[in-house]
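**Q** Sending over a structure as structure tokens; questions will come in a sec.
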Number of protein chains: 2
Amino acid sequence: MKDLPPTVTTGPLPASRRVWHCGVLHPDIRVPMREIDLHPTAGEVPVTVYDSSGPYTDPDAEITIARGLPRPRAAWTEARGDTEHYEGRHVKPEDNGFAEGTRLVPEFPVRHTPLRAQKGRAVTQMAYARAGVITPEMEFVAIRENMGRQAAKEALTRDGEGFGAEIPDVITPEFVRNEVARGRAIIPANINHPEAEPMAIGRNFLVKINANIGNSAVTSSMAEEVEKMVWATRWGADTVMDLSTGRNIHNIRDWIIRNSPVPIGTVPLYQALEKVSGVAEDLTWEVFRDTLIEQAEQGVDYFTIHAGVRLHMIPMTVDRVTGIVSRGGSIMAKWCLHHHRESFLYEHFDEICDIARAYDVSFSLGDGLRPGSIADANDQAQFAELETLGELTQIAWAKDCQVMIEGPGHVPMHKIKANMDKQLEVCGEAPFYTLGPLTTDIAPGYDHITSGIGAAMIGWFGTAMLCYVTPKEHLGLPDRDDVKTGVITYKIAAHAADLAKGHPAAQIRDDAVSRARFEFRWEDQFNLSLDPETARSMHDETLPKEAHKVAHFCSMCGPKFCSMRISHDIRAEAQKEGMEKMAEKFREGGELYLPQEDAK
Amino acid sequence: MKDLPPTVTTGPLPASRRVWHCGVLHPDIRVPMREIDLHPTAGEVPVTVYDSSGPYTDPDAEITIARGLPRPRAAWTEARGDTEHYEGRHVKPEDNGFAEGTRLVPEFPVRHTPLRAQKGRAVTQMAYARAGVITPEMEFVAIRENMGRQAAKEALTRDGEGFGAEIPDVITPEFVRNEVARGRAIIPANINHPEAEPMAIGRNFLVKINANIGNSAVTSSMAEEVEKMVWATRWGADTVMDLSTGRNIHNIRDWIIRNSPVPIGTVPLYQALEKVSGVAEDLTWEVFRDTLIEQAEQGVDYFTIHAGVRLHMIPMTVDRVTGIVSRGGSIMAKWCLHHHRESFLYEHFDEICDIARAYDVSFSLGDGLRPGSIADANDQAQFAELETLGELTQIAWAKDCQVMIEGPGHVPMHKIKANMDKQLEVCGEAPFYTLGPLTTDIAPGYDHITSGIGAAMIGWFGTAMLCYVTPKEHLGLPDRDDVKTGVITYKIAAHAADLAKGHPAAQIRDDAVSRARFEFRWEDQFNLSLDPETARSMHDETLPKEAHKVAHFCSMCGPKFCSMRISHDIRAEAQKEGMEKMAEKFREGGELYLPQEDAK
């Protein structure tokens, strides 16, 4: 097989170390963070940042893609004593699109017997939370979210507009439990994906981002997709969705999950459709159900389920400028129409919940009728579906299933907040998970930017996770570079949102960069930035010498016009002269120009 | 001279023609627009878009950089009979930083005798507007801003939130006159820059963008800067600021202005500082005044004047994280401090207005104390200066001078609107002109994006012109690629703002792209986009064949998963079956799942 074994990017980011914080309630948990060392002249402690990259950035970790990552969560699940191992489903030819011979991606070399809940038990984080249990996953999340916040607590000043978010100064395990219990946050953590490091998606936590990967019938291989997953998490993706639609879906997914330190999401409908050779009308509940079991056993952490597309909503889309643009939505709409009945997703949602409950697969209730253009934003079809998603949320919650809600799409700025408000209102504060939204349609090739604007805004308003959009959106399948650009853009949007919400620790990193900038610590500026490589290479294009890394200017202004350098002179002079006193004298000197009305 | 003659990028954008609309009040004016032809299968008229690119995109125009562009506005100024030709100032060695021999960029080959107002006359667009005169410039702007709006008027539905903007359905010349008269818009149009095509900057017009170019002591040449100017306008820059700070400032600027179809702005302080060898304390009113005359005679359309930096404000910046980050602000602060007095800009602002009034140089009142980090946003220093800018606006208006106000900078999302509100309040609705703002400090290398988010938002709230930020911000001098990325990003921000404000014609282009997308008119999608080259090349990376340009799918989803294709099937089925009737039956079929509260 030509693309085996896959090679992935490893090694630490510049000046960075992976460090661990241990649990208190659960002393065996080790929560990873990244510490960025600063130049000794800074006289500052390292800056701690959230780290989604898994063992790949740890030089001491031994990475063998064909074996997969270590499985620390296996023991936690085991200890709860409410699951059972069983033989599980066998891989069928249709799971891989009937790929054969050299076209078949080999199975992942290690097979783990799947786990499921013992009969009648719910093994979801929500079930535990509601029972008052603080799981290791919850404590892990609490420690992870605090990210040095406790140490910096004294210095923190809260500032921001949260639009009803209730972010505490310090996240406690009990706070996490409570948020999960009331459905305001989820911890996507399939019991069959013990390789993943727990993380939370909710309005009162850091805003998260998702990166989509996956092959299509037209292009890309397993090795490329595994590397895209590692690459995306390296730059900060909090979850990854495998949206493969070509052949080998089952086997590619196995390679991805076994090596993924972050939760993996899928749209099971895509694989189900492959199993019926792409003929939407031929989909059945049985094929779909079999696919859910298949993916739950593999360890998929969340499923997008387009159960909100109901028959009576389809006519609402017919006069749209861009019809139905969600793949899942269009497939289900076609099915409904052909069979003249409600979808099997809607009719069997109860049973879907039973499956999710037995593996702790979270739901991402899909917005199959999201707008695909500015012209279609916030229309009747979109909001009708959202109301249905609210109803389905209640059903899932009644079964202790974790739920988030997908959102648009393409929305001009003045219509963004209405989306968030309506979602909060009709979905009981279940986390919102939006794609962008794109704020204009006129810039294909730059839709990471058109959507980054909308993503930052809706993140501020309360969206818990932002699904990235890459520059290739509407044009082609993203490659590795596109994935990175998409991730960095969305890290910017998420962080801008955290700042604006008044997240208590968010500004620590901004301030560290700003101090480095003011003190001409160029290396620190690069190392503290979201993409040190790019920052450094842009600087070095014009000033490549090492000596320039301590220069008190850059090529933008040159030495004479460097405002920061001049500011230092001013500060020095101020200290010498007692500026305040001097300035006071001038303040009293009166105004040379009076406001126009006084002058008349 | 090795870099002569400069070569610039010419030729039309794909499927585009430069067309002209004539005036009614002034039948001799020819207002350029760009028409983008669509594929015949669209059955649609060409889409008309605003065109800032000048003759360079007109294949019939003869471009000779060493001669400069035609000077259509010369006759309009002449006809007003209130100006006089005079010999003008002679170029001095210090104007070019004492560059000599091969290091001296040659003078522009053609010298035009400068014009100034006859004694006692005001030749500003504001003076004419207040006198009730609709100038050719005003009618030009009215036609330019409408951009096919009249033709589409029937179909327009107003939608948006303007935060007090008053954008009419159709822009009339009288509306332009009134906006200019009350200071709510400016038409930067130095009588010595007759090559420029008039444009307006104001809250009730399309949001504009500025691109900064200019050499520094460290890098770049005249030829590069001329090409950057042409290149920036090709992609949509509405004005260009020449921020050169190296040698040859005078001569480079001449080459730029004589070839620029858009207004050129400068910060005269930069050149003045060069004249005193970079020693801020040595600056004098006489050197500065001489520089203003020099640049006014050359045809600079707007001056950034940092007259708002007052002595008593300087101590307010001492405890900032990043001090003073405006070059002009830091230079003036240093001067004030050294001399223990108010700046010559503030003390002589009256005389500065007299010069501006004699050439119609607009003011861009500089925000010398803008915040340079999230930590410093909206602080006392920033807003104290803004209040002073409001006072200076009244003084300038009393002299019939056109004014806009510069704004920040670095501002987290939740503090952006306060900037706009305060500016409107204290500056009498003079147009706001902001740099970004950047919404986080943690992404050097991506500050076009961190700032594009802030720019879109503040544009929506009412900012009239957005100064671009390129990926190189904080790292180095932008090259040609950075200029393009900056311009496209800011065209996105400006357009997203126009959409959200409810500009009546803004959505025409979005809708055209969306229809093309839905109908798989790939060529039209590329041609209608802000950057056709990039869109096409991204598409062609995976599907290069010509046949794929009419394919009913792309590499993202492949044919089976193309939601748009499925939507067409749905639409076809709907027409066949009478969907509305069918769906009605199902609507009445009742709910399978009831909202949770009802189900209990």
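**Q** Could you give the angle, 0 to 90 degrees to the nearest 10, between helix A:222-234's Cα long axis and the longest principal axis of the Cα atoms of chain A?
**A** That works out to roughly 40 degrees.
**Q** Quote the relative contact order of chain B in percent (integer), defining contacts as alpha-carbon pairs under 8 Å separated by 6+ residues.
**A** Dividing the mean separation by the residue count of chain B yields 15 percent.
**Q** Using the Cβ atoms and a cut-off under 9 Å, what net charge is assigned to the surroundings of residue B:550, where Lys and Arg are +1 and Asp and Glu are -1?
**A** 0
**Q** Ok, one more. How far apart are the residue A:75 label points across copies, placing each 7 Å from Cα toward Cβ, in nm, shortest first?
**A** So the distances to the same position in the other copies read 8.8 nm.
**Q** While we're on this one: Using the charge dipole of the protein assembly as shown (Lys, Arg: +1 at Cβ; Asp, Glu: -1 at Cβ; taken about the Cα centre), state which of B:142, B:363, A:445 has its Cα farthest towards the positive end.
**A** A:445
**Q** Spelling out what I want: for every residue of region A:266-278, take phi, set θ = phi - 60°, compute 6.51 cos²θ - 1.76 cosθ + 1.60 (Karplus), and round to whole Hz; glycine and proline get x.
**A** 9, 10, x, 4, 4, 6, 4, 5, 4, 5, 10, 6, x
**Q** Further question on the same structure: Using θ = phi - 60° and the Karplus relation 6.51 cos²θ - 1.76 cosθ + 1.60, list the HN-Hα couplings for region B:53-59 in order, rounded to whole Hz, with x at every Gly or Pro.
**A** With the stated coefficients, region B:53-59 comes to 7, x, x, 4, 9, 9, x Hz.
**Q** Given an 8 Å cut-off on Cα distances and at least 6 residues of separation, report the relative contact order of region B:418-523 as a percent.
**A** 23
**Q** Distances in nm, one decimal, shortest first, from residue A:550 to the same residue in every other copy, taking the label point 7 angstrom along Cα→Cβ.
**A** Its label point is 6.6 nm from the equivalent points in the other copies.
**Q** What average number of partner chain Cβ atoms lie no more than 10 Å from the Cβ of the residues making up B:512-524?
**A** That average works out to 4.
**Q** Taking residue B:228 as the anchor, which aspartates and glutamates have their alpha carbon closer than 15 Å to its alpha carbon, excluding any fewer than eight residues away along the same chain?
**A** Cross-link targets: B:3, B:238, B:242, B:254, B:479, B:481, B:482.
**Q** State the dimensionless ratio Rg/Rh of the protein assembly as shown (Rg: radius of gyration of Cα atoms; Rh: Kirkwood radius). Each step should come with its number before you reach the end.
**A** Working: Rg = 30.8 Å, Rh = 31.3 Å.
Computed over Cα atoms, the ratio is 0.99.
**Q** While we're here: Where in region A:369-426 are there trypsin sites (Lys or Arg not before Pro) that are in a DSSP coil and have at most 15 other Cβ atoms within 10 angstrom of their Cβ?
**A** Here no trypsin sites (Lys or Arg not before Pro) fit, given the DSSP loop and packing criteria.
**Q** Let me know the mean shielding of A:364-374 by other chains, meaning the per-residue number of their Cβ atoms within 10 Å of its Cβ.
**A** So the per-residue partner count for this stretch is 2.
**Q** Same structure again: Taking +1 at the Cβ of each Lys and Arg and -1 at the Cβ of each Asp and Glu, which of A:462, A:487, A:502 sits farthest along the dipole of region A:462-502 towards its positive end, judged by Cα position relative to the Cα centre?
**A** A:502
**Q** Compute the Kirkwood hydrodynamic radius of region A:305-354, taking the inverse of the mean of 1/r over all pairs of distinct Cα atoms, and give it in Å to one decimal. Could you put the intermediate results ahead of the total?
**A** On the way: mean 1/r = 0.0894 Å⁻¹.
After inverting the mean inverse Cα-Cα distance, the result is 11.2 Å.
**Q** Among the chymotrypsin sites (Phe, Trp or Tyr not before Pro) within region B:130-210, which fall in a DSSP loop and have no more than 16 other Cβ atoms within 10 Å of their own Cβ?
**A** Answer in residue order: B:163.
**Q** Kirkwood hydrodynamic radius, region A:254-301, all distinct C-alpha pairs: what's the number in Å?
**A** By the Kirkwood definition, the hydrodynamic radius is 11.4 Å.
**Q** Here is a further query. Rounded, prolate or oblate: which fits chain B when a ≥ b ≥ c are the square roots of the eigenvalues of the alpha-carbon gyration tensor, with rounded for a/c under 1.5 and prolate only if a/b beats b/c?
**A** Numbers: a/c = 1.78, a/b = 1.54, b/c = 1.15.
Prolate.
**Q** Give the calculated FRET efficiency between residue A:17 and residue A:545 to the nearest 0.05, with a Förster radius of 22 Å applied to their Cβ-Cβ distance.
**A** Between residue A:17 and residue A:545 the formula returns 0.20.
**Q** Put +1 on the Cβ of every Lys and Arg and -1 on every Asp and Glu Cβ in region A:203-290; which of A:243, A:265, A:276 then has its Cα farthest towards the positive end of the dipole?
**A** It is A:265, whose Cα lies furthest towards the positive end.
**Q** Measure out, as a whole number of angstrom, how far apart the alpha-carbon centroids of region A:488-542 and region A:337-407 sit.
**A** 38
**Q** Taking each residue in B:469-479, count the Cβ atoms of any other chain within 10 Å of its Cβ, then average. What number comes out?
**A** Taking all residues of B:469-479 together, the mean is 6.
**Q** Is there a quick way to get the dipole size of chain B? I mean about its Cα centre, with the Cβ of Lys and Arg at +1 and of Asp and Glu at -1; what is the value in debye to the nearest 20? The partial results should precede the final answer.
**A** Details: 64 positive and 87 negative charges, 99 e Å.
Magnitude of the dipole: close to 480 debye.
**Q** Loop-only trypsin sites (Lys or Arg not before Pro) in region B:454-551, please: DSSP not H, G, I, E or B, and at most 12 other Cβ atoms within 10 Å.
**A** Here the sparse-neighbourhood loop sites are B:545.
**Q** Right, here's the next one. Tell me whether region B:488-584 comes out rounded, prolate or oblate; compute the Cα gyration tensor, take square roots of the eigenvalues as a ≥ b ≥ c, and use a/c under 1.5 as the rounded threshold.
**A** Since a/c reaches 1.5 but b/c is at least a/b, the shape of region B:488-584 is classed as oblate.
**Q** With 31 Å as the limit, write out which pairs from A:417/B:549; A:399/A:472; B:501/B:549; B:275/B:472; A:545/A:576; A:472/A:545 have Cα-Cα distances beyond it, or answer none.
**A** Flagged as over cut-off: A:417/B:549; A:399/A:472; B:501/B:549; A:545/A:576; A:472/A:545.
**Q** Sort A:371-384, A:40-53 for me by packing, meaning the mean count of neighbouring Cβ atoms within 10 Å per residue, highest on top.
**A** In descending order of packing, they fall as A:371-384, A:40-53.
**Q** Let me ask another. To the nearest 20 Debye, how big is the dipole of the protein assembly as shown about its Cα centre, given +1 on the beta carbon of each Lys and Arg and -1 on that of each Asp and Glu?
**A** Value, rounded to 20: 480 debye.
**Q** Quick one: label points 7 angstrom along Cα→Cβ at residue B:107, distances to the other copies in nm, smallest first?
**A** 8.5
**Q** Also, quick follow-up: So how much slack lies between residue B:104 and residue B:163, counting 0.36 nm per residue of separation and subtracting their Cα-Cα distance, in nm?
**A** Extending this stretch completely gives an extra 16.2 nm.
**Q** Turning to a different aspect of this structure: Let me know the charge dipole size of region B:304-462 about its Cα centre in debye, to the nearest 20, where only the beta-carbon of Lys, Arg (+1) and Asp, Glu (-1) is charged.
**A** Details: 11 positive and 20 negative charges, 71 e Å.
Once rounded to the nearest 20, the dipole reads 340 debye.
**Q** Two decimals is fine: what is log10 I(q)/I(0) at q = 0.10, 0.11, 0.13, 0.24 Å⁻¹ for region A:3-99, from a Debye sum with one equal scatterer on every Cα and no solvent?
**A** -0.49, -0.57, -0.74, -1.25
**Q** So what is the 222 nm mean residue ellipticity for chain B from helices alone, if each DSSP H run of at least 4 adds -39500 (n - 2.57) and you divide by all residues, rounding to the nearest 500 deg cm²/dmol?
**A** Numbers: 22 runs with 236 residues, N = 600.
-12000 deg cm²/dmol, from helical runs alone.
Quick note: the coordinates plus some simple rules give every number you see, no bench work behind them. Quantities reported herein were computed from a predicted structural model and do not represent experimental measurements. Because the Cβ atoms are built from the backbone with ideal geometry, glycine has one as well, and the counts that use them run over all protein chains shown.
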